[in-house]
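Below is one structure, written out as C-alpha coordinates, with a few remarks after it.
The values are calculated or read from the model by the stated rules, or taken from the named source; none is laboratory data. In this text the structure is predicted, and so the values were computed from the model without any measurement. Virtual Cβ from ideal backbone geometry, glycine too; neighbours counted across all protein chains shown.
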Amino acid sequence: MFRVVFIAVLISIVSVSGLEAKSCKDVDVKFKKMITEIKRNWQREDKTAEQKLAKSEKELQDYQKNMPGDLRTKNAEIEKSRQMELAGLKKTYETKLKNLQKKKERGSQSNKRKIKNLEKKVSVLKEKLTGFAKEKDKLEKVRQKLEDDFGKQQQKISRQNEAEKMKMEDEERKFLSQIEKEYQKRFDELNVDLAKWDEKETKEKEKVGVFDSQIEKFALEMANKLGEVQAGLDKKRDANAKKFKDQELEKKNMELDMELAKKSQKMNDELKKYRKKKLGEKKKAQQEFKKFLKKKAEFKKRTQKFIKLAQKQRDVKIKAKKKEKQTFMKKCDKERDRREGKNKKMTDLKYTKPLKMIGQKENKTNNKIATVNDRIAAAQNQASKIKNKTDREVQRDTGKAGDKFRTDKGNVNKKYDRRLNEYRTKVEKKKARLKKNRDRLLAKAEKKKQQRQKVLDRKRTQYEKEKSRCK
(Lines give C-alpha, C1' and ligand atoms only; values in the text may rest on other atoms or scores of the structure.)
Protein backbone atom coordinates (compact mmCIF):
# COMPACT_ATOMS: atom_id res chain seq x y z
CA MET A 1 0.00 0.00 0.00
CA PHE A 2 2.82 2.40 0.94
CA ARG A 3 4.70 1.77 -2.36
CA VAL A 4 1.61 2.65 -4.42
CA VAL A 5 1.11 5.94 -2.53
CA PHE A 6 4.81 6.75 -2.76
CA ILE A 7 4.83 6.27 -6.59
CA ALA A 8 1.66 8.34 -6.88
CA VAL A 9 3.28 11.19 -4.96
CA LEU A 10 6.38 11.11 -7.17
CA ILE A 11 4.19 11.19 -10.34
CA SER A 12 2.28 14.13 -8.86
CA ILE A 13 5.50 15.99 -8.16
CA VAL A 14 6.80 15.39 -11.69
CA SER A 15 3.46 16.47 -13.14
CA VAL A 16 3.43 19.67 -11.17
CA SER A 17 7.00 20.45 -12.12
CA GLY A 18 5.99 20.32 -15.80
CA LEU A 19 3.09 22.75 -15.34
CA GLU A 20 3.43 26.39 -15.84
CA ALA A 21 1.42 28.06 -13.13
CA LYS A 22 -0.62 31.09 -14.07
CA SER A 23 -0.33 32.73 -10.68
CA CYS A 24 1.11 32.16 -7.17
CA LYS A 25 -2.40 31.59 -5.90
CA ASP A 26 -2.85 28.67 -8.35
CA VAL A 27 0.43 27.15 -7.14
CA ASP A 28 -0.70 27.39 -3.50
CA VAL A 29 -4.08 25.79 -4.28
CA LYS A 30 -2.59 22.91 -6.27
CA PHE A 31 0.11 22.10 -3.72
CA LYS A 32 -2.34 22.39 -0.82
CA LYS A 33 -4.70 19.97 -2.58
CA MET A 34 -1.84 17.55 -3.27
CA ILE A 35 -0.67 17.62 0.41
CA THR A 36 -4.22 17.02 1.62
CA GLU A 37 -4.60 13.98 -0.67
CA ILE A 38 -1.23 12.54 0.39
CA LYS A 39 -2.05 12.89 4.11
CA ARG A 40 -5.49 11.35 3.58
CA ASN A 41 -3.89 8.29 1.90
CA TRP A 42 -1.33 8.06 4.73
CA GLN A 43 -4.07 8.20 7.37
CA ARG A 44 -5.89 5.28 5.74
CA GLU A 45 -2.66 3.32 5.59
CA ASP A 46 -1.72 4.22 9.20
CA LYS A 47 -5.07 2.99 10.50
CA THR A 48 -4.34 -0.58 9.31
CA ALA A 49 -0.73 -0.50 10.63
CA GLU A 50 -1.84 0.88 14.01
CA GLN A 51 -4.43 -1.89 14.35
CA LYS A 52 -1.76 -4.54 13.73
CA LEU A 53 0.60 -2.87 16.23
CA ALA A 54 -2.14 -2.56 18.88
CA LYS A 55 -3.06 -6.22 18.41
CA SER A 56 0.60 -7.27 18.77
CA GLU A 57 1.09 -5.06 21.84
CA LYS A 58 -2.10 -6.46 23.46
CA GLU A 59 -0.99 -10.04 22.83
CA LEU A 60 2.40 -9.29 24.46
CA GLN A 61 0.86 -7.49 27.47
CA ASP A 62 -1.79 -10.19 28.02
CA TYR A 63 0.87 -12.88 27.88
CA GLN A 64 3.14 -10.97 30.30
CA LYS A 65 0.16 -10.41 32.62
CA ASN A 66 -0.86 -14.08 32.68
CA MET A 67 2.69 -15.48 32.65
CA PRO A 68 3.33 -15.14 36.48
CA GLY A 69 0.04 -16.91 37.25
CA ASP A 70 0.75 -19.71 34.77
CA LEU A 71 4.23 -20.12 36.26
CA ARG A 72 2.82 -20.27 39.79
CA THR A 73 0.24 -22.89 38.78
CA LYS A 74 2.82 -25.05 37.01
CA ASN A 75 5.28 -24.60 39.85
CA ALA A 76 2.59 -25.69 42.37
CA GLU A 77 1.84 -28.84 40.34
CA ILE A 78 5.52 -29.78 40.08
CA GLU A 79 6.15 -28.92 43.75
CA LYS A 80 3.23 -31.12 44.88
CA SER A 81 4.64 -34.12 43.00
CA ARG A 82 8.11 -33.37 44.36
CA GLN A 83 6.92 -33.22 47.99
CA MET A 84 5.00 -36.50 47.70
CA GLU A 85 8.04 -38.33 46.43
CA LEU A 86 10.32 -36.69 49.02
CA ALA A 87 7.88 -37.63 51.81
CA GLY A 88 8.21 -41.30 50.85
CA LEU A 89 12.00 -41.10 50.94
CA LYS A 90 11.91 -39.33 54.31
CA LYS A 91 9.62 -41.95 55.87
CA THR A 92 11.97 -44.79 54.83
CA TYR A 93 14.97 -42.84 56.16
CA GLU A 94 13.31 -42.06 59.52
CA THR A 95 12.36 -45.73 60.05
CA LYS A 96 16.00 -46.70 59.53
CA LEU A 97 17.14 -44.05 62.05
CA LYS A 98 14.67 -45.30 64.72
CA ASN A 99 16.04 -48.84 64.47
CA LEU A 100 19.61 -47.57 64.80
CA GLN A 101 18.65 -45.46 67.83
CA LYS A 102 17.27 -48.54 69.62
CA LYS A 103 20.57 -50.33 69.01
CA LYS A 104 22.46 -47.34 70.40
CA GLU A 105 20.31 -47.24 73.59
CA ARG A 106 21.02 -50.95 74.29
CA GLY A 107 24.77 -50.23 74.09
CA SER A 108 24.52 -47.40 76.67
CA GLN A 109 23.04 -49.63 79.46
CA SER A 110 26.34 -51.50 80.17
CA ASN A 111 27.87 -51.35 83.78
CA LYS A 112 24.96 -49.30 85.11
CA ARG A 113 24.47 -51.13 88.53
CA LYS A 114 28.07 -50.67 89.71
CA ILE A 115 27.98 -46.98 88.82
CA LYS A 116 24.69 -46.60 90.73
CA ASN A 117 26.19 -48.02 94.04
CA LEU A 118 29.16 -45.68 93.81
CA GLU A 119 26.84 -42.72 93.19
CA LYS A 120 25.00 -43.59 96.48
CA LYS A 121 28.32 -43.20 98.41
CA VAL A 122 28.77 -39.82 96.77
CA SER A 123 25.26 -38.85 97.92
CA VAL A 124 26.12 -39.69 101.58
CA LEU A 125 29.26 -37.56 101.41
CA LYS A 126 27.30 -34.72 99.86
CA GLU A 127 24.88 -34.85 102.82
CA LYS A 128 27.86 -34.09 105.07
CA LEU A 129 28.62 -31.10 102.86
CA THR A 130 25.02 -30.01 103.38
CA GLY A 131 25.58 -30.10 107.17
CA PHE A 132 28.70 -27.97 106.74
CA ALA A 133 26.65 -25.54 104.69
CA LYS A 134 24.12 -25.20 107.58
CA GLU A 135 26.97 -24.43 110.00
CA LYS A 136 28.20 -21.79 107.57
CA ASP A 137 24.69 -20.30 107.49
CA LYS A 138 24.79 -19.96 111.30
CA LEU A 139 28.17 -18.26 111.09
CA GLU A 140 26.74 -15.97 108.40
CA LYS A 141 24.03 -14.88 110.86
CA VAL A 142 26.77 -14.12 113.45
CA ARG A 143 28.61 -12.08 110.82
CA GLN A 144 25.42 -10.27 109.87
CA LYS A 145 24.72 -9.36 113.54
CA LEU A 146 28.27 -8.02 113.96
CA GLU A 147 27.84 -6.03 110.77
CA ASP A 148 24.44 -4.67 111.84
CA ASP A 149 25.72 -3.61 115.28
CA PHE A 150 28.73 -1.94 113.73
CA GLY A 151 26.49 -0.29 111.12
CA LYS A 152 24.22 1.19 113.82
CA GLN A 153 27.23 2.54 115.69
CA GLN A 154 28.59 4.02 112.46
CA GLN A 155 25.23 5.61 111.64
CA LYS A 156 24.98 7.21 115.08
CA ILE A 157 28.46 8.69 114.87
CA SER A 158 27.89 9.61 111.23
CA ARG A 159 24.73 11.56 112.14
CA GLN A 160 26.65 13.44 114.84
CA ASN A 161 29.47 14.21 112.41
CA GLU A 162 26.99 15.17 109.69
CA ALA A 163 25.24 17.59 112.04
CA GLU A 164 28.58 19.19 112.87
CA LYS A 165 29.47 19.24 109.16
CA MET A 166 26.15 20.90 108.25
CA LYS A 167 26.71 23.51 110.95
CA MET A 168 30.16 24.27 109.53
CA GLU A 169 28.77 24.35 105.98
CA ASP A 170 26.01 26.74 107.04
CA GLU A 171 28.60 29.05 108.58
CA GLU A 172 30.71 28.65 105.46
CA ARG A 173 27.75 29.56 103.19
CA LYS A 174 27.05 32.68 105.19
CA PHE A 175 30.72 33.60 105.09
CA LEU A 176 30.95 32.93 101.33
CA SER A 177 27.75 34.87 100.73
CA GLN A 178 29.16 37.89 102.54
CA ILE A 179 32.46 37.65 100.68
CA GLU A 180 30.61 37.22 97.36
CA LYS A 181 28.41 40.27 98.03
CA GLU A 182 31.47 42.41 98.71
CA TYR A 183 33.11 41.15 95.54
CA GLN A 184 29.91 41.46 93.46
CA LYS A 185 29.41 45.04 94.60
CA ARG A 186 32.83 46.04 93.28
CA PHE A 187 32.28 43.94 90.15
CA ASP A 188 28.88 45.56 89.46
CA GLU A 189 30.30 49.06 89.83
CA LEU A 190 32.95 48.28 87.23
CA ASN A 191 30.39 46.62 84.94
CA VAL A 192 28.15 49.72 85.04
CA ASP A 193 31.03 51.81 83.72
CA LEU A 194 31.81 49.17 81.11
CA ALA A 195 28.15 49.10 80.01
CA LYS A 196 28.28 52.86 79.42
CA TRP A 197 31.31 52.34 77.19
CA ASP A 198 29.46 49.53 75.32
CA GLU A 199 26.44 51.76 74.78
CA LYS A 200 28.66 54.54 73.46
CA GLU A 201 30.45 52.02 71.17
CA THR A 202 27.08 50.99 69.66
CA LYS A 203 26.24 54.59 68.85
CA GLU A 204 29.70 55.20 67.35
CA LYS A 205 29.39 52.02 65.26
CA GLU A 206 25.96 53.14 63.96
CA LYS A 207 27.55 56.39 62.79
CA VAL A 208 30.03 54.40 60.69
CA GLY A 209 27.39 52.01 59.31
CA VAL A 210 24.99 54.75 58.16
CA PHE A 211 27.18 55.55 55.13
CA ASP A 212 26.78 52.05 53.64
CA SER A 213 22.99 52.23 53.96
CA GLN A 214 23.01 55.68 52.32
CA ILE A 215 25.01 54.30 49.39
CA GLU A 216 22.67 51.30 49.08
CA LYS A 217 19.60 53.56 49.21
CA PHE A 218 21.00 55.86 46.50
CA ALA A 219 21.95 52.84 44.34
CA LEU A 220 18.39 51.49 44.71
CA GLU A 221 16.95 54.87 43.66
CA MET A 222 19.19 54.87 40.57
CA ALA A 223 18.12 51.27 39.76
CA ASN A 224 14.43 52.21 40.08
CA LYS A 225 14.92 55.21 37.81
CA LEU A 226 16.72 53.05 35.26
CA GLY A 227 13.87 50.52 35.51
CA GLU A 228 11.36 53.26 34.74
CA VAL A 229 13.45 54.35 31.75
CA GLN A 230 13.67 50.70 30.59
CA ALA A 231 9.88 50.30 30.88
CA GLY A 232 9.27 53.44 28.82
CA LEU A 233 11.69 52.27 26.12
CA ASP A 234 10.03 48.83 26.07
CA LYS A 235 6.68 50.49 25.31
CA LYS A 236 8.35 52.34 22.43
CA ARG A 237 9.79 49.03 21.17
CA ASP A 238 6.30 47.52 21.16
CA ALA A 239 4.97 50.51 19.22
CA ASN A 240 7.88 50.30 16.72
CA ALA A 241 7.24 46.57 16.22
CA LYS A 242 3.71 47.40 15.06
CA LYS A 243 4.74 50.40 12.95
CA PHE A 244 8.05 49.37 11.35
CA LYS A 245 9.58 46.21 9.85
CA ASP A 246 12.97 44.62 9.16
CA GLN A 247 15.84 47.09 8.77
CA GLU A 248 13.83 50.13 9.71
CA LEU A 249 12.60 48.38 12.88
CA GLU A 250 16.17 47.33 13.71
CA LYS A 251 17.31 50.93 13.25
CA LYS A 252 14.60 52.26 15.57
CA ASN A 253 15.44 49.65 18.21
CA MET A 254 19.13 50.54 17.91
CA GLU A 255 18.29 54.18 18.65
CA LEU A 256 16.39 53.05 21.76
CA ASP A 257 19.37 50.91 22.85
CA MET A 258 21.70 53.92 22.48
CA GLU A 259 19.32 56.07 24.51
CA LEU A 260 19.18 53.42 27.26
CA ALA A 261 22.98 53.09 27.27
CA LYS A 262 23.47 56.89 27.63
CA LYS A 263 21.01 57.17 30.52
CA SER A 264 22.49 54.11 32.19
CA GLN A 265 26.01 55.57 31.93
CA LYS A 266 24.84 58.87 33.32
CA MET A 267 23.23 57.20 36.33
CA ASN A 268 26.34 55.09 36.90
CA ASP A 269 28.50 58.25 36.92
CA GLU A 270 26.18 59.85 39.48
CA LEU A 271 26.32 56.71 41.63
CA LYS A 272 30.15 56.58 41.49
CA LYS A 273 30.40 60.24 42.44
CA TYR A 274 27.96 59.82 45.36
CA ARG A 275 29.69 56.64 46.52
CA LYS A 276 33.13 58.29 46.48
CA LYS A 277 31.82 61.14 48.58
CA LYS A 278 30.20 58.85 51.17
CA LEU A 279 33.24 56.54 51.39
CA GLY A 280 35.38 59.57 52.23
CA GLU A 281 32.99 60.54 55.01
CA LYS A 282 32.94 56.91 56.21
CA LYS A 283 36.76 56.78 56.38
CA LYS A 284 36.83 59.82 58.69
CA ALA A 285 34.15 58.26 60.88
CA GLN A 286 36.13 55.01 61.05
CA GLN A 287 39.24 56.85 62.21
CA GLU A 288 37.25 58.46 65.02
CA PHE A 289 35.78 55.05 65.90
CA LYS A 290 39.27 53.52 66.15
CA LYS A 291 40.31 56.26 68.58
CA PHE A 292 37.25 55.51 70.69
CA LEU A 293 37.99 51.76 70.69
CA LYS A 294 41.54 52.43 71.88
CA LYS A 295 40.24 54.45 74.83
CA LYS A 296 37.69 51.72 75.63
CA ALA A 297 40.38 49.01 75.50
CA GLU A 298 42.52 50.97 77.96
CA PHE A 299 39.55 51.30 80.34
CA LYS A 300 38.72 47.60 79.98
CA LYS A 301 42.33 46.66 80.73
CA ARG A 302 42.28 48.66 83.95
CA THR A 303 38.89 47.16 84.85
CA GLN A 304 40.15 43.58 84.35
CA LYS A 305 43.15 44.34 86.55
CA PHE A 306 40.86 45.54 89.37
CA ILE A 307 38.62 42.45 88.94
CA LYS A 308 41.58 40.05 89.17
CA LEU A 309 42.79 41.75 92.34
CA ALA A 310 39.33 41.47 93.91
CA GLN A 311 39.09 37.82 92.88
CA LYS A 312 42.46 37.06 94.45
CA GLN A 313 41.45 38.65 97.76
CA ARG A 314 38.12 36.75 97.71
CA ASP A 315 39.82 33.39 96.93
CA VAL A 316 42.32 33.79 99.83
CA LYS A 317 39.47 34.26 102.34
CA ILE A 318 37.47 31.33 100.87
CA LYS A 319 40.50 29.00 101.00
CA ALA A 320 41.09 29.77 104.69
CA LYS A 321 37.44 29.06 105.53
CA LYS A 322 37.36 25.75 103.62
CA LYS A 323 40.53 24.56 105.37
CA GLU A 324 38.63 24.51 108.68
CA LYS A 325 36.11 22.03 107.27
CA GLN A 326 38.85 19.86 105.71
CA THR A 327 40.61 19.55 109.12
CA PHE A 328 37.36 18.37 110.70
CA MET A 329 36.73 15.82 107.89
CA LYS A 330 40.24 14.35 108.32
CA LYS A 331 39.59 13.88 112.04
CA CYS A 332 36.30 12.06 111.23
CA ASP A 333 38.05 9.77 108.73
CA LYS A 334 40.75 8.86 111.28
CA GLU A 335 38.15 7.92 113.93
CA ARG A 336 36.21 5.86 111.37
CA ASP A 337 39.37 3.88 110.42
CA ARG A 338 40.01 3.11 114.12
CA ARG A 339 36.47 1.76 114.58
CA GLU A 340 36.67 -0.34 111.41
CA GLY A 341 39.94 -1.95 112.62
CA LYS A 342 38.35 -2.93 115.95
CA ASN A 343 35.32 -4.38 114.14
CA LYS A 344 37.58 -6.44 111.84
CA LYS A 345 39.31 -8.12 114.83
CA MET A 346 35.96 -9.08 116.35
CA THR A 347 34.73 -10.46 113.01
CA ASP A 348 37.87 -12.61 112.61
CA LEU A 349 37.38 -14.12 116.09
CA LYS A 350 33.68 -14.98 115.83
CA TYR A 351 33.32 -15.58 112.07
CA THR A 352 36.44 -15.82 109.90
CA LYS A 353 38.38 -18.44 111.95
CA PRO A 354 35.38 -20.80 112.55
CA LEU A 355 34.53 -20.51 108.87
CA LYS A 356 38.08 -21.54 107.98
CA MET A 357 37.81 -24.73 110.13
CA ILE A 358 34.55 -25.72 108.40
CA GLY A 359 36.26 -25.11 105.06
CA GLN A 360 38.99 -27.60 105.96
CA LYS A 361 36.37 -30.27 106.80
CA GLU A 362 34.67 -29.53 103.46
CA ASN A 363 37.96 -30.06 101.61
CA LYS A 364 38.47 -33.53 103.21
CA THR A 365 34.95 -34.55 102.29
CA ASN A 366 35.39 -33.22 98.74
CA ASN A 367 38.59 -35.30 98.41
CA LYS A 368 36.68 -38.47 99.40
CA ILE A 369 34.01 -37.56 96.85
CA ALA A 370 36.73 -37.12 94.23
CA THR A 371 38.10 -40.62 94.98
CA VAL A 372 34.69 -42.23 94.60
CA ASN A 373 34.10 -40.20 91.45
CA ASP A 374 37.35 -41.63 90.05
CA ARG A 375 35.99 -45.15 90.58
CA ILE A 376 32.75 -44.04 88.91
CA ALA A 377 34.77 -42.63 86.04
CA ALA A 378 36.63 -45.95 85.60
CA ALA A 379 33.34 -47.87 85.49
CA GLN A 380 31.92 -45.27 83.10
CA ASN A 381 35.04 -45.57 80.95
CA GLN A 382 34.53 -49.30 80.59
CA ALA A 383 30.86 -48.71 79.78
CA SER A 384 31.91 -45.97 77.41
CA LYS A 385 34.11 -48.34 75.39
CA ILE A 386 31.17 -50.67 74.88
CA LYS A 387 28.96 -47.73 74.06
CA ASN A 388 31.52 -46.23 71.68
CA LYS A 389 31.77 -49.45 69.75
CA THR A 390 28.01 -49.55 69.38
CA ASP A 391 27.95 -45.82 68.57
CA ARG A 392 30.55 -46.27 65.81
CA GLU A 393 28.50 -49.02 64.24
CA VAL A 394 25.34 -46.92 64.54
CA GLN A 395 27.17 -43.85 63.22
CA ARG A 396 28.53 -45.81 60.26
CA ASP A 397 25.09 -47.22 59.40
CA THR A 398 23.48 -43.82 60.03
CA GLY A 399 25.98 -42.18 57.66
CA LYS A 400 25.24 -44.71 54.96
CA ALA A 401 21.51 -44.23 55.41
CA GLY A 402 21.96 -40.43 55.35
CA ASP A 403 24.13 -40.55 52.22
CA LYS A 404 21.54 -42.68 50.45
CA PHE A 405 18.72 -40.38 51.58
CA ARG A 406 20.56 -37.23 50.42
CA THR A 407 21.50 -38.83 47.09
CA ASP A 408 17.92 -39.96 46.46
CA LYS A 409 16.60 -36.58 47.57
CA GLY A 410 19.05 -34.77 45.27
CA ASN A 411 18.03 -36.90 42.31
CA VAL A 412 14.34 -36.21 42.96
CA ASN A 413 14.98 -32.42 43.23
CA LYS A 414 17.05 -32.44 40.03
CA LYS A 415 14.26 -34.26 38.18
CA TYR A 416 11.57 -31.74 39.21
CA ASP A 417 13.88 -28.73 38.83
CA ARG A 418 14.58 -29.86 35.27
CA ARG A 419 10.84 -30.05 34.55
CA LEU A 420 10.27 -26.57 35.96
CA ASN A 421 13.19 -25.05 34.00
CA GLU A 422 11.96 -26.63 30.76
CA TYR A 423 8.53 -25.07 31.26
CA ARG A 424 10.05 -21.64 32.09
CA THR A 425 12.24 -21.80 28.96
CA LYS A 426 9.16 -22.53 26.86
CA VAL A 427 7.32 -19.54 28.38
CA GLU A 428 10.26 -17.16 27.87
CA LYS A 429 10.65 -18.22 24.21
CA LYS A 430 7.01 -17.41 23.49
CA LYS A 431 7.37 -14.06 25.25
CA ALA A 432 10.49 -13.25 23.18
CA ARG A 433 8.65 -14.20 19.96
CA LEU A 434 5.72 -11.86 20.77
CA LYS A 435 8.12 -9.04 21.69
CA LYS A 436 10.10 -9.52 18.48
CA ASN A 437 6.90 -9.23 16.38
CA ARG A 438 5.90 -6.04 18.24
CA ASP A 439 9.40 -4.53 17.76
CA ARG A 440 9.29 -5.41 14.04
CA LEU A 441 6.01 -3.49 13.59
CA LEU A 442 7.44 -0.50 15.51
CA ALA A 443 10.59 -0.49 13.33
CA LYS A 444 8.45 -0.69 10.18
CA ALA A 445 6.37 2.30 11.34
CA GLU A 446 9.52 4.33 12.07
CA LYS A 447 10.98 3.52 8.66
CA LYS A 448 7.70 4.56 6.97
CA LYS A 449 7.80 7.85 8.93
CA GLN A 450 11.30 8.62 7.63
CA GLN A 451 10.32 7.83 4.02
CA ARG A 452 7.29 10.09 4.26
CA GLN A 453 9.45 12.90 5.56
CA LYS A 454 11.70 12.56 2.49
CA VAL A 455 8.62 12.82 0.22
CA LEU A 456 7.47 15.97 2.05
CA ASP A 457 10.99 17.46 1.80
CA ARG A 458 11.09 16.89 -1.98
CA LYS A 459 7.59 18.33 -2.33
CA ARG A 460 8.57 21.40 -0.32
CA THR A 461 11.59 21.92 -2.62
CA GLN A 462 9.37 21.62 -5.72
CA TYR A 463 6.83 24.00 -4.19
CA GLU A 464 9.54 26.61 -3.52
CA LYS A 465 10.75 26.35 -7.14
CA GLU A 466 7.21 26.80 -8.52
CA LYS A 467 6.60 29.61 -6.09
CA SER A 468 9.70 31.45 -7.32
CA ARG A 469 8.39 31.28 -10.94
CA CYS A 470 4.75 32.22 -10.28
CA LYS A 471 3.19 35.57 -11.15
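Tell me the residue from LEU89, LEU125 that is within 28 Å of LEU420 (Cα to Cα), among the hydrophobic types (A, V, I, L, M, F, W, C) and part of a helix (DSSP H, G or I), please. Please lay out each step first, then the result.
Working: LEU125 fails: within 28 Å of LEU420 (Cα to Cα).
The match here is LEU89.
Of all residues in the stretch 25-52, how many are within 17 Å of GLU446 (Cα to Cα) and β-branched (Val, Ile, Thr)?
1
Any idea how many residues of the stretch 448-469 are more than 13 Å from ILE35 (Cβ to Cβ) and touching a residue at least 24 places away in the same chain (Cβ under 8 Å)? If you could, list the steps in order and put the result at the bottom.
Quick first cut of the stretch 448-469, residues more than 13 Å from ILE35 (Cβ to Cβ) only: 448-451, 453-454, 461, 464-469.
Filter again for touching a residue at least 24 places away in the same chain (Cβ under 8 Å), leaving 448, 451, 465-467, 469.
Counting residues in the stretch 448-469 that are more than 13 Å from ILE35 (Cβ to Cβ) and touching a residue at least 24 places away in the same chain (Cβ under 8 Å) gives 6.
If only one of LYS431, LYS409 is out of contact with any Gly (no Cβ under 7 Å at 6 or more places or on another chain), touching a residue at least 24 places away in the same chain (Cβ under 8 Å) and closer than 30 Å to LYS65 by Cα, which one is it? Walk me through how you get there before you give the answer.
Working: LYS409 fails: closer than 30 Å to LYS65 by Cα.
None of the others qualify; the one that does is LYS431.
Give me a count of the residues in the stretch 172-204 that are at pLDDT 75 or above and surrounded by 13 or more Cβ atoms within 10 Å (Cβ to Cβ).
1
Does SER56 satisfy the condition of being assigned to a helix (DSSP H, G or I), modelled with pLDDT under 80, touching a Leu at 6+ places or on another chain (Cβ under 6 Å) and more than 30 Å from LYS415 (Cα to Cα)? So that I can check it myself, show each step before the final result.
Details: assigned to a helix (DSSP H, G or I): yes; modelled with pLDDT under 80: yes; touching a Leu at 6+ places or on another chain (Cβ under 6 Å): yes; more than 30 Å from LYS415 (Cα to Cα): yes.
Taking the combined requirement at face value, the residue satisfies it.
Can you find a residue that is in a helix (DSSP H, G or I), of a type in the set (Phe, Trp, Tyr) and at pLDDT 75 or above anywhere in the stretch 22-43? Show your work before the answer.
We begin by selecting, within the stretch 22-43, every residue in a helix (DSSP H, G or I); these are 24-43.
Narrowing further to those that are of a type in the set (Phe, Trp, Tyr): 31, 42.
Imposing the further condition that a residue be at pLDDT 75 or above reduces the set to 31, 42.
Scanning the stretch 22-43 turns up at least one residue that is in a helix (DSSP H, G or I), of a type in the set (Phe, Trp, Tyr) and at pLDDT 75 or above.
Being out of contact with any Asp or Glu (no Cβ under 6 Å at 6 or more places or on another chain) and aliphatic (A, V, I, L, M) is the filter; apply it to the stretch 413-443 and report the residue that is farthest from ALA54 (Cα to Cα).
Looking only at the stretch 413-443, we keep the residues that are out of contact with any Asp or Glu (no Cβ under 6 Å at 6 or more places or on another chain), and these are 413-433, 435-437, 439-443.
Within this subset, residues satisfying the condition of being aliphatic (A, V, I, L, M) are 420, 427, 432, 441-443.
Working: LEU420: 32, VAL427: 22, ALA432: 17, LEU441: 10, LEU442: 10, ALA443: 14 Å.
In this case the residue turns out to be LEU420.
Filter the stretch 332-363 for residues that are closer than 20 Å to LYS145 by Cβ and among the polar types (S, T, N, Q); which is modelled with the lowest pLDDT?
ASN343
Looking only at the stretch 314-337, decide whether some residue is touching a residue at least 40 places away in the same chain (Cβ under 8 Å) and hydroxyl-bearing (Ser, Thr, Tyr). Quick ask: steps written out before the conclusion?
The initial filter retains those residues of the stretch 314-337 that are touching a residue at least 40 places away in the same chain (Cβ under 8 Å), namely 314, 317-318, 321-322, 324-325, 328-329, 332, 335-336.
Remaining after also requiring hydroxyl-bearing (Ser, Thr, Tyr): none.
Scanning the stretch 314-337, I find no residue that is touching a residue at least 40 places away in the same chain (Cβ under 8 Å) and hydroxyl-bearing (Ser, Thr, Tyr), so the answer is no.
Take ASN388 and decide whether it is in a helix (DSSP H, G or I), touching a Gly at 6+ places or on another chain (Cβ under 9 Å), under 29 Å from ASN117 (Cβ atoms) and not assigned by TED's automatic domain parsing to the domain that holds SER81.
Values: in a helix (DSSP H, G or I): yes; touching a Gly at 6+ places or on another chain (Cβ under 9 Å): yes; under 29 Å from ASN117 (Cβ atoms): yes; not assigned by TED's automatic domain parsing to the domain that holds SER81: yes.
Judged against the criteria, ASN388 is a match.
For a quick check of your reading of the model, give me the residue pairs whose first member lies in the stretch 37-61 and is under 20 Å from LYS431 (Cα atoms) and in contact (Cβ under 8 Å) with a residue 60 or more places away in the chain, whose second is surrounded by 13 or more Cβ atoms within 10 Å (Cβ to Cβ) and among the small types (Gly, Ala, Ser), with beta-carbon atoms closer than 9 Å and at least 6 apart or on different chains.
As it stands, the answer is LEU53/ALA445, since those pairs meet every condition given.
Determine if the stretch 263-271 includes at least one residue that is modelled with pLDDT of 80 or more, under 26 Å from PHE218 (Cβ atoms) and basic (Lys, Arg).
Checked against the condition, which is being modelled with pLDDT of 80 or more, under 26 Å from PHE218 (Cβ atoms) and basic (Lys, Arg), the stretch 263-271 yields at least one hit.
Just to check your reading of the model, which residue among ALA239, ALA285 is surrounded by 15 or more Cβ atoms within 10 Å (Cβ to Cβ) and over 51 Å from the mean Cα position of the chain (by Cα)? Lay out the reasoning, then the answer.
On the way: ALA239 fails: surrounded by 15 or more Cβ atoms within 10 Å (Cβ to Cβ).
From the options ALA239, ALA285, the qualifying one is ALA285.
Out of LYS103, LYS80, LYS55, I need the residue that is closer than 30 Å to LEU441 by Cβ and out of contact with any His (no Cβ under 7 Å at 6 or more places or on another chain). Which one? Spell out the reasoning first.
On the way: LYS103 fails: closer than 30 Å to LEU441 by Cβ; LYS80 fails: closer than 30 Å to LEU441 by Cβ.
The conditions single out LYS55.
Quick check: anything in the stretch 331-353 in the same structural domain as GLN144 (by TED's automatic domain parsing), out of contact with any Cys (no Cβ under 8 Å at 6 or more places or on another chain) and of a type in the set (A, V, I, L, M)? It would help to see each step written out before you state the result.
If we filter the stretch 331-353 for residues that are in the same structural domain as GLN144 (by TED's automatic domain parsing), which is where we start, we get 331-353.
Among the residues that remain, those that are also out of contact with any Cys (no Cβ under 8 Å at 6 or more places or on another chain) are: 331-353.
Within this subset, residues satisfying the condition of being of a type in the set (A, V, I, L, M) are 346, 349.
Yes - at least one qualifying residue is present in the stretch 331-353.
If I filter the stretch 332-354 for residues that are closer than 30 Å to LYS114 by Cβ, surrounded by 12 or more Cβ atoms within 10 Å (Cβ to Cβ) and of a type in the set (Ser, Thr, Tyr), do I get at least one hit?
So in the stretch 332-354, the residues closer than 30 Å to LYS114 by Cβ come out as none.
Checked the stretch 332-354: no residue is closer than 30 Å to LYS114 by Cβ, surrounded by 12 or more Cβ atoms within 10 Å (Cβ to Cβ) and of a type in the set (Ser, Thr, Tyr).
On the given criteria, is MET258 surrounded by 14 or more Cβ atoms within 10 Å (Cβ to Cβ), under 30 Å from LYS276 (Cα atoms) and in the same structural domain as ALA285 (by TED's automatic domain parsing)?
Values: surrounded by 14 or more Cβ atoms within 10 Å (Cβ to Cβ): no; under 30 Å from LYS276 (Cα atoms): yes; in the same structural domain as ALA285 (by TED's automatic domain parsing): yes.
Answer is no for this residue.
So the check is Cβ under 6 Å with 6+ separation or different chains; which pairs have a first residue in the stretch 368-381 that's in contact (Cβ under 8 Å) with a residue 12 or more places away in the chain and a second one that's surrounded by 15 or more Cβ atoms within 10 Å (Cβ to Cβ) and not in a helix (DSSP H, G or I)?
These pairs meet every condition: ALA379/ASN111.
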